[in-house]
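The values are calculated or read from the model by the stated rules, or taken from the named source; none is laboratory data. These figures come from a predicted structure and were not determined experimentally. Glycine gets a Cβ as well: all are built from the backbone with ideal geometry, and neighbour counts include every protein chain shown.
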Amino acid sequence: MTKCSYCGRDNPQTDAAYCSYCGSSLSRQSSNVPTSSQRSQPTYPTSRSPALGLSERYEKALKRAELLGTILLVLGVAAVVLLLV
């Protein structure tokens with residue numbers, strides 16, 4: 001078994017080029033491998049506009065809902081017209 005120098009897991013295939021768990025290259029040298037303290041954890045944004053307050057997000061959601069309702073109404077009318085023609 002080949003041990004991954006990035007995540008430390010044992011890979012069942014000895015001739016594999018990449019770790020089957022984390023996907024890092026098994027052929028890279030140990031000097032290029034960051035230590036666990038150097039690895040940065042990915043950060044995921046909680047929303048697209050984190051600076052907006054709750055009331056601003058509520059207003060944006062209302063506008064989107066109104067727009068969606070308008071679009072559905074227009075599509076419904078168009079469908080009825082097409083069925084009658």
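Quick one: which residue in ARG57, ARG48 is farther than 30 Å from TYR6 by Cα, part of a loop (DSSP other than H, G, I, E, B) and modelled with pLDDT under 95?
ARG48
Pairs, please: C-beta under 8 Å, at least 6 apart or cross-chain, first residue surrounded by 10 or more Cβ atoms within 10 Å (Cβ to Cβ) and in the range 58-85, second among the hydrophobic types (A, V, I, L, M, F, W, C)?
That search, which allows pairs on different chains as well, returns LYS60/LEU52.
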